[in-house]
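Trainee: Below you'll find the structure I mean.
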Amino acid sequence: MIEAKSISKFFSVINEKGLAEGLTAVLNVSLSIPDGKIVTLLGPSGCGKSTFLEILAGLQAPTDGEVIIDGKRVLEPLPSTRKEMEDYKRRYRFISPLANGVFRDRPKHDIALVFQDYAIFPWMTVLQNINFALTLRSGNGKKKPRRNELNEKARYFLNQVGLGGAEYKYPSQLSGGMRQRLALARALSVEPKIILMDEPFAAVDALTREKLQDDLLRLWEQTRKSSFPVIIVMVTHDVSEAVYLSDEVVVFSPGPGTIRNRIPVDIARPRARTDPGIIDIQDRIFAMFQYDLNQESEYSI
């Protein structure tokens, strides 16, 4: 389970006059996500969705609040006063050398990330990209798997996403959709408990996007029948994608990012994109966005 408790994130930015001023990206966001669920974060650009996702991943520390995954804290808020800084240094003065040595490259939480820009290595073949991820996850004091074991597992997940036969191609030789399939196969290959996705299908055409959505659902359904039902948290701007994929749609307000609405999608799977229930929820979300847009326009006038 993921538990985000009162998450806020402030940035210091330099304005046009060269003076520092504060920017609030995320404000007091609390969210609980049970195992085996798909939740999408939906909202306008600049509303803090990606920042919040990075805080869940531990890529950024919150200014306030905390994220707990399976009972363990992800990252502490950064110290903001001299006293907090002294307490922080005192608490961790013996930990840093240990962390840099014994625990190097050891993931604190079982999380895989999928980004819009694929984040795959262009100098590695498709097979090498998967093997690299598998090798990293196995390099924590455990016996490293043999090359043929890595290849067998990598080929299994490549076949699952429709990339069987492309093992020795380089990313430059793949289409955009195939590169995103590779990113998805790499995330799945390490068998994570959580997959965090930031606009993963935004760079592909509409038909490929729908196919990738269906592939994601098919692979996620397989994990629900296993001992590790995967949580998927996805950032998207696409209302239809959010409703079609999700167990719950979390609608962020325009910045600073707060949760405007949490909308459960209680429609049985497999779903049809033309299902009246799906269309009804989409219409409700579009109405919210239209209301926010009109209010913003009236305020600016």
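Trainee: How many residues, within the range 190-211, are outside any strand (DSSP E or B) and either at pLDDT 90 or above or out of contact with any helix residue (DSSP H, G or I) (no Cβ under 6 Å at 6 or more places or on another chain) (or both)?
Mentor: 12
Yes/no per residue for (1) over 21 Å from the mean Cα position of the chain (by Cα); (2) assigned to a helix (DSSP H, G or I); (3) closer than 16 Å to K37 by Cβ:
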{"position": "L188", "(1), (2), (3)": "no, yes, no"}
{"position": "L219", "(1), (2), (3)": "no, yes, yes"}
{"position": "I232", "(1), (2), (3)": "no, no, yes"}
{"position": "F286", "(1), (2), (3)": "yes, yes, no"}
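Trainee: Take L53 and tell me if it is at pLDDT 80 or above, crowded, with 17+ Cβ neighbours inside 10 Å and out of contact with any Asp or Glu (no Cβ under 7 Å at 6 or more places or on another chain).
Mentor: Answer is no for this residue.
Trainee: Suppose we filter F286, F252 for residues that are buried (at least 17 other Cβ atoms within 10 Å of the Cβ) and over 21 Å from R218 (Cβ atoms); which single one remains?
Mentor: Unique residue meeting the criteria: F252.
Trainee: Follow-up. Kindly indicate whether V239 is out of contact with any strand residue (DSSP E or B) (no Cβ under 6 Å at 6 or more places or on another chain), closer than 23 Å to G43 by Cα and at pLDDT below 85.
Mentor: Here the answer is no, as V239 does not meet what is asked.
Trainee: Okay, moving on. State all residues of the range 38-49 that are modelled with pLDDT of 90 or more and either of a type in the set (S, T, Y) or surrounded by fewer than 19 Cβ atoms within 10 Å (Cβ to Cβ) (or both); if no residue qualifies, say none.
Mentor: Scanning the range 38-49 gives a single hit, T40.
Trainee: Just for the range 212-236: of the residues that are farther than 23 Å from R273 by Cβ and in contact with an Asp or Glu (Cβ under 7 Å, 6 or more places away or on another chain), which one is modelled with the highest pLDDT?
Mentor: The residue in question is I231.
Trainee: Please enumerate the residues belonging to the range 89-140 that are at positive phi and at pLDDT 55 or above.
Mentor: Y118, A119
Trainee: While we're here: Determine the pairs where a residue that is assigned to a loop (DSSP other than H, G, I, E, B), located within the range 257-284, has a partner that is surrounded by 13 or more Cβ atoms within 10 Å (Cβ to Cβ) and among the acidic types (D, E) with Cβ atoms under 7 Å apart, the partner being 6 or more residues away or on another chain.
Mentor: V265/D247; V265/E248; I267/D275
Trainee: Which one of L196, L219, L245, L174 is buried (at least 20 other Cβ atoms within 10 Å of the Cβ) and either over 30 Å from N294 (Cα atoms) or of a type in the set (D, E, K, R) (or both)?
Mentor: L196
Trainee: Shifting gears a bit: Failed condition for E167, given (1) touching a Leu at 6+ places or on another chain (Cβ under 6 Å); (2) assigned to a helix (DSSP H, G or I), with all others met?
Mentor: That leaves (2) as the condition not met.
Trainee: Do the conditions hold for I259, that is, is it farther than 24 Å from F10 by Cβ and β-branched (V, I, T)?
Mentor: no
Trainee: Could I ask something else about it? Check E152, E210 and return the single one that is surrounded by 15 or more Cβ atoms within 10 Å (Cβ to Cβ) and of a type in the set (D, E).
Mentor: Being surrounded by 15 or more Cβ atoms within 10 Å (Cβ to Cβ) and of a type in the set (D, E) holds for just one of E152, E210, which is E210.
Trainee: When you scan the range 1-50 for strands (runs of 3 or more DSSP E) that lie fully inside it, which ones turn up with 3 or more residues that are touching a residue at least 24 places away in the same chain (Cβ under 8 Å) and among the polar types (S, T, N, Q)?
Mentor: In the range 1-50, the matching strands (runs of 3 or more DSSP E) lie at 20-33.
Trainee: Among the listed residues N15, N28, which satisfies the condition of being surrounded by fewer than 17 Cβ atoms within 10 Å (Cβ to Cβ), farther than 27 Å from D238 by Cβ and not acidic (D, E)?
Mentor: Only one candidate passes the filter, namely N15.
The values are calculated or read from the model by the stated rules, or taken from the named source; none is laboratory data. Owing to the predicted nature of the structure, the values given are computational and were not obtained by experimental measurement. Quick reminder, even Gly has a Cβ in these numbers, built from the backbone with ideal geometry, and neighbours come from all protein chains shown.
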